[in-house]
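A short write-up of the structure that comes next.
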Amino acid sequence: MEKVKCMIIGGGPAGYTAAIYASRASLSPVLYEGMEPGGQLMTTTVVENYPGFPEGIEAYPLMEGMKKQAARFGADIRRGTVVEADLSSRPFRLRIDNGTEIEAESLILATGATARYLGLPSEAEYRGRGVSACATCDGFFYRRKTVAVVGGGDTACEEATYLAGLCRKVYMIVRRDVLRASEAMQEKVRSMENIEILWNCNTQEVLGDGEKVTGVRLLRKDGTVFDVELDGFFLAIGHHPVTEVFSCWIETDAEGYIVTEGKSSRTNVEGVFAAGDVQDPRYRQAITAAASGCKAALDAERFLKQK
């Protein structure tokens, strides 16, 4: 049984930043990157809105830089996924998918939240090449172009109105004949002249030329099939926080996001902290994830010193 002082689960901006701070605090952190090293950010290409890079930076070197910085200060970064956890008492017991068993004095959960996709092969083919699940991250690339947003809830309306400020035309693809969004969000959509709602429509296929998205094929409820020319295709049908392994121990909200105490990263289990998108249903940005990773490491350091 391997024993560690601070274990970090998740290899995105939150996890790597937590590892940087925990290493500098001499906590000798062990970080398991999970199934998606680099996190959700790796589904995009160029990151335009991360401070310090006036010309933007590609997602891979940004994440690789964070990883190398954490390793430089002594973080033990490993490939692997936690498949079993017992958080009933300290030290916490965890089992990795390769069979390794670990006892951890403190735990930082930075497992992230994965965007929900439609599950179309064409959607997967053009992911990062016109298909995106983050308008704030990728909307800039579609200035004065035509895009579509799939969804009819508050998130979809927020994404559509944001994109409407950048794009020439925004279609909302809604599978029902009404929006599920709040009245305030619906009013914002109605106030934007360049937003057009395509009611009672389901996406059959994302169209492309082999390099990038060129349109979308839709099936209307009455059986009509038609194509719409597009430059970008945005999903806004929700996110799924990765909390399954810990859900019987850690308090979550109705959507599955980890609940933290006040402005801290503390969870309902003493010694367990949460950072990044797994506890943030609102912002879900690389910069806010990194900041929360810093908070989690500082909270873990204080906790261990008190113990």
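The values are calculated or read from the model by the stated rules, or taken from the named source; none is laboratory data. All values derive from a computational prediction rather than experimental measurement. Positions of Cβ are backbone-derived with ideal geometry, glycine not excepted, and every protein chain shown enters the neighbour counts.
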The residue from E55, E2 that alone is over 15 Å from the mean Cα position of the chain (by Cα), acidic (D, E) and either farther than 23 Å from D97 by Cβ or buried (at least 24 other Cβ atoms within 10 Å of the Cβ) (or both) is E55
The condition of being within 15 Å of M172 (Cα to Cα) and not in a strand (DSSP E or B) holds, among I287, I237, only for I237
Here the residues within the range 195-224 that are aliphatic (A, V, I, L, M) and either touching a residue at least 24 places away in the same chain (Cβ under 8 Å) or loosely packed, with under 13 Cβ neighbours inside 10 Å (or both) are I195, I197, L198, V206, L207, V213, V216, L218
Subset of the range 55-82, residues in contact with a strand residue (DSSP E or B) (Cβ under 6 Å, 6 or more places away or on another chain), within 16 Å of I9 (Cβ to Cβ) and of a type outside the set (D, E, K, R), comes to A75, I77, G80, V82
Those residues of the range 111-154 which are surrounded by fewer than 23 Cβ atoms within 10 Å (Cβ to Cβ) and either of a type in the set (V, I, T) or in a strand (DSSP E or B) (or both) amount to T114, A115, R127, T136, T146
Might you let me know whether the range 55-73 holds any residue that is in a loop (DSSP other than H, G, I, E, B) and at pLDDT 95 or above? yes
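Restricting the search to the range 256-276, which residues are outside any loop (DSSP other than H, G, I, E, B), farther than 16 Å from R302 by Cβ and not small (G, A, S)?
Selection gives I258 alone.
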Of the candidates D154, D86, D177, D97, the one satisfying the condition of being acidic (D, E) and closer than 23 Å to R282 by Cβ is D154
**Asked** If you go through the range 14-29 one residue at a time, do you hit one that is crowded, with 16+ Cβ neighbours inside 10 Å, among the hydroxyl-bearing types (S, T, Y) and without any contact (Cβ under 8 Å) to a residue 60 or more places away in the chain?
**Response** yes
Note to self: Taking the criterion of being touching a Gly at 6+ places or on another chain (Cβ under 8 Å), in contact (Cβ under 8 Å) with a residue 24 or more places away in the chain and crowded, with 16+ Cβ neighbours inside 10 Å, would at least one residue in the range 261-271 satisfy it?
What the structure shows: no
Restricted to the range 163-174 and to residues being of a type outside the set (A, V, I, L, M, F, W, C) and buried (at least 17 other Cβ atoms within 10 Å of the Cβ), the residue nearest to F233 (Cα to Cα) is Y171
Some residue of the range 209-222 being within 14 Å of L107 (Cβ to Cβ) and either basic (K, R) or more than 18 Å from the chain's Cα centre (by Cα) (or both): no
